[in-house]
Amino acid sequence: MTDKLKVGVLISGRGTNLQALIDACAEPGFPATIALVISNVDDAYGLQRAEKAGIATQVIRHQAFDSRADFDNALDNALRKSGIELICLAGFMRLLTAEFVDTWRDRMINVHPSLLPAFKGLDTHQRALDAGVTIAGCTVHFVRIEMDDGPIIVQAAVPILPGDDSDRLAARILEKEHVAYPLALRLIAENKVTVTDEIVHVENGAPSAESLINPSGN
Ligand code: GAR
């Protein structure tokens, strides 16, 4: 018997965020456990990460279904069968139907490599550089129908450094994703997160630093 929150992770690719969640869940006393990893892509490397950790995996190929609704139903069935209580999207590159999103409202979270609501969608790092922002970052949020939208749980800020290109920036943001995502999962699993009027409140949720200013002027 376990009273840990049962998590299902949906992936499409390499799964470094999945790995961060696997590692967090392996810590003694971590309040969540990953019961199922689903990929919509056969050869997603994340599947190997899950198998190595002894986690059940399933491939549900979106191409095998006539409609998005049928694909989402298959996802829903698999998740329910495994008793999943919370879905973590971790580089899952499929848009979900409104029905699926509503069914899992406040029980599905996503990580996105920008400080939302800025830079939704793809190619976020290059777009941040092109916009000339001096601070970028990542966001973990509850999923709503609009892509990369929904109540924000955790954000981490990453300064743009001289000479950054999108790969360098992406790598530094990814490191923060690997901290922010397990943190958000832990806070939810500890029942410290509530959503009121689409704003998240985190019990005792104090920031780790007062501010990040870039450039610093020094
Ligand atoms: C991550 O950077 C994640 O933030 C991004 O895909 C990458 C997946 O990497 N997700 C999105 O852009 C969602 N809109 P991973 O497979 O190594 O975790």
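Go through region 6-23 and count every residue that is near the ligand (Cβ under 8 Å from one of its atoms) and within 15 Å of GLU51 (Cβ to Cβ).
5
Please find, among ASP130, ASP149, ASP167, the residue that is closer than 22 Å to ASN17 by Cα, more than 13 Å from the chain's Cα centre (by Cα) and either without any contact (Cβ under 8 Å) to a residue 40 or more places away in the chain or not in a loop (DSSP other than H, G, I, E, B) (or both).
Details: ASP130 fails: closer than 22 Å to ASN17 by Cα; ASP149 fails: more than 13 Å from the chain's Cα centre (by Cα).
Every option except ASP167 fails the conditions.
Just checking, how many residues over region 111-120 are touching a helix residue (DSSP H, G or I) at 6+ places or on another chain (Cβ under 8 Å) and touching a residue at least 24 places away in the same chain (Cβ under 8 Å)? Even if it seems obvious, please write down each step before you answer.
As a first pass, look at region 111-120 and keep what is touching a helix residue (DSSP H, G or I) at 6+ places or on another chain (Cβ under 8 Å): 111-114, 118-119.
After this cut, where a residue has to be touching a residue at least 24 places away in the same chain (Cβ under 8 Å) as well, the list is 111-114.
Residues in region 111-120 being touching a helix residue (DSSP H, G or I) at 6+ places or on another chain (Cβ under 8 Å) and touching a residue at least 24 places away in the same chain (Cβ under 8 Å): 4 in total.
Taken together, the values in this text are just the output of simple stated rules run on the coordinates, not laboratory data. Quick caveat: nothing in here was measured; it's all calculated off a predicted structure. Every residue, glycine as well, gets a Cβ built from its backbone with ideal geometry; the counts of neighbours run over all protein chains shown.
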